[in-house]
Amino acid sequence: MEKNLSKSNWFSHILKIAIPVSLQSLLASSLSVIDQIMVGSLGETDIASVSLAGRFPTVFFSVGSITVAASILISQFRGKADKEQISRAFLLMFRWGLLLTALFFAVSYFFAAPLMTLFSPDLAVQTTGSDYLRIVTLGFLPGFASGMFSTYLRTTGRPGLPTIASVFAMVSNTILNYILIFGHLGFSAMGVHGAAIATTIARLLEFGLVLFFFLIHMRNSEWTVQWKVTIHGAFRKMAIIMALPIFLSELAWSMGEAIYGIVYGHIGTDETAAMS
């Protein structure tokens, strides 16, 4: 490829990959920010609740490092035109990610109240935040699956499709927030609960659209997943060497963000709202 592209064409080729990927990352991180902005008019307790309850999902998003490792491996094997290894990388990372997602889901859904006591001594913040966390947790699995399907689309030549899904999710989240938080179009005002429901629905809609793009891609692309490939021990070892440092790095960063939330939460609810 390098021999056949001039410098200007090479730069253009890189931008066609980099811009959609960067834009999708920006949009993916915007859902919780939109919640905080639109809850901002409800009062300090609600603002602090959404901010602190969103800290644990931030820790969960370290699982997204699995998709980063998958993208590295799939890109390398695509460069070698090795479809079998591409399938191994995709399926193995998907399985590992699902296990981690199930772990984070179980902790955040069944232990939402104890988690919120770590973040704030304010009973109102604990109650509202744990309700918000349980609802948002329902989007963990479709969120991770969207990330894996998006990774496969990006690394096999269709980087723009996941970006379309992310734009759709952001717009959907904003509209649903407006309807459910403040009570429009015949809905009752749900406040923080409405923000959580809107975010979860937006993630489900994004997952549905990405899955649709993935299935169409499987029908029309030469880079189809071989679902019955054998994953041997040597491949698992190589994948661990690739994925583990990335995961630990992302986990450390997200834990640091969570600790900031704990510090502010114990300073006070008003201070937490101001920080948010």
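The values are calculated or read from the model by the stated rules, or taken from the named source; none is laboratory data. The shown structure was predicted, so the numbers you read here are calculated from the model rather than taken from an experiment. A quick note on method: Cβ atoms are made from the backbone with ideal geometry, for glycine too, and the neighbour counts reach across all protein chains shown. When the accessible area is computed, the model is the full protein with side chains, heavy atoms only, and any ligands, DNA or RNA have been set aside. Shrake-Rupley method; radii C 1.70, N 1.55, O 1.52, S 1.80 Å.
Of the helices (runs of 4 or more DSSP H) lying entirely inside segment 1-83, the ones with 2 or more residues being within 30 Å of Ile267 (Cα to Cα), over 13 Å from the mean Cα position of the chain (by Cα) and at pLDDT 80 or above are found at 30-39, 44-53.
Taking the options Pro162, Pro142, name whichever one is open to solvent by 10 Å² or more (accessible area, probe 1.4 Å) and either assigned to a helix (DSSP H, G or I) or hydroxyl-bearing (Ser, Thr, Tyr) (or both).
Going through Pro162, Pro142 in turn, the sole match is Pro142.
For segment 62-108, the tally of residues that are closer than 30 Å to Ala273 by Cβ, of a type outside the set (Val, Ile, Thr) and buried (at least 16 other Cβ atoms within 10 Å of the Cβ) stands at 5.
Of Ala102, Ala89, which residue is more than 16 Å from Met238 (Cα to Cα) and among the hydrophobic types (A, V, I, L, M, F, W, C)? Quick ask: steps written out before the conclusion?
Numbers: Ala89 fails: more than 16 Å from Met238 (Cα to Cα).
Among Ala102, Ala89, only Ala102 is more than 16 Å from Met238 (Cα to Cα) and among the hydrophobic types (A, V, I, L, M, F, W, C).
Restricting attention to segment 177-194, the residues that are closer than 25 Å to Leu52 by Cα, aliphatic (A, V, I, L, M) and free of Cβ contacts under 8 Å to residues at least 24 places away in the same chain total 4.
Kindly evaluate Trp223 against the criterion of being in contact (Cβ under 8 Å) with a residue 24 or more places away in the chain, open to solvent by 80 Å² or more (accessible area, probe 1.4 Å), on the phi < 0 side of the Ramachandran plot and part of a loop (DSSP other than H, G, I, E, B). Show your work before the answer.
On the way: in contact (Cβ under 8 Å) with a residue 24 or more places away in the chain: yes; open to solvent by 80 Å² or more (accessible area, probe 1.4 Å): no; on the phi < 0 side of the Ramachandran plot: yes; part of a loop (DSSP other than H, G, I, E, B): yes.
So Trp223 does not fit the description; no.
Could you grab me the full set of residues in segment 165-193 that are open to solvent by less than 30 Å² (accessible area, probe 1.4 Å) and of a type in the set (A, V, I, L, M)?
Kept after step one, since they are open to solvent by less than 30 Å² (accessible area, probe 1.4 Å), are these residues of segment 165-193: 165-166, 169, 172-173, 177, 179-181, 183, 191-192.
Selection gives Ala165, Ala169, Ile179, Leu180, Ile181, Val192.
Each residue in segment 226-241 was checked for being assigned to a loop (DSSP other than H, G, I, E, B) and not hydroxyl-bearing (Ser, Thr, Tyr), and 6 of them qualify.
Across segment 233-258, the qualifying residues are those that are surrounded by 13 or more Cβ atoms within 10 Å (Cβ to Cβ) and either farther than 30 Å from Arg95 by Cβ or of a type in the set (Val, Ile, Thr) (or both), and the one among them that is modelled with the lowest pLDDT is Ile246. Can you find a residue that is in contact with a Lys or Arg (Cβ under 9 Å, 6 or more places away or on another chain), surrounded by fewer than 24 Cβ atoms within 10 Å (Cβ to Cβ), in contact (Cβ under 8 Å) with a residue 24 or more places away in the chain and more than 30 Å from Thr230 (Cα to Cα) anywhere in segment 126-135? No; the residues of segment 126-135 include none that is in contact with a Lys or Arg (Cβ under 9 Å, 6 or more places away or on another chain), surrounded by fewer than 24 Cβ atoms within 10 Å (Cβ to Cβ), in contact (Cβ under 8 Å) with a residue 24 or more places away in the chain and more than 30 Å from Thr230 (Cα to Cα). Here Leu27 fits the description: of a type in the set (A, V, I, L, M), within 24 Å of Ala198 (Cβ to Cβ) and open to solvent by 10 Å² or more (accessible area, probe 1.4 Å). Here Glu271 meets each of (1) part of a helix (DSSP H, G or I); (2) within 25 Å of Phe168 (Cβ to Cβ); (3) open to solvent by 80 Å² or more (accessible area, probe 1.4 Å) with one exception, condition (2).
For segment 93-101, indicate whether the set of residues that are closer than 22 Å to Ile240 by Cα, touching a residue at least 24 places away in the same chain (Cβ under 8 Å), in a helix (DSSP H, G or I) and of a type in the set (Lys, Arg) is non-empty. Walk me through it before giving the result.
Kept after step one, since they are closer than 22 Å to Ile240 by Cα, are these residues of segment 93-101: 93-101.
Filter again for touching a residue at least 24 places away in the same chain (Cβ under 8 Å), leaving 93-94, 96-98, 100-101.
Those still in the list that are in a helix (DSSP H, G or I) too: 93-94, 96-98, 100-101.
Restricting the remaining residues to those that are of a type in the set (Lys, Arg) gives none.
No, that holds for no residue.
Report the residue count in segment 104-125 for those that are outside any helix (DSSP H, G or I) and in contact (Cβ under 8 Å) with a residue 12 or more places away in the chain.
Going residue by residue through segment 104-125, those that are outside any helix (DSSP H, G or I) are 111, 120-122.
From the residues that got through so far, the ones that are in contact (Cβ under 8 Å) with a residue 12 or more places away in the chain too are 120-122.
Counting residues in segment 104-125 that are outside any helix (DSSP H, G or I) and in contact (Cβ under 8 Å) with a residue 12 or more places away in the chain gives 3.
Trp253 passes every criterion in (1) part of a loop (DSSP other than H, G, I, E, B); (2) touching a residue at least 60 places away in the same chain (Cβ under 8 Å) apart from (1).
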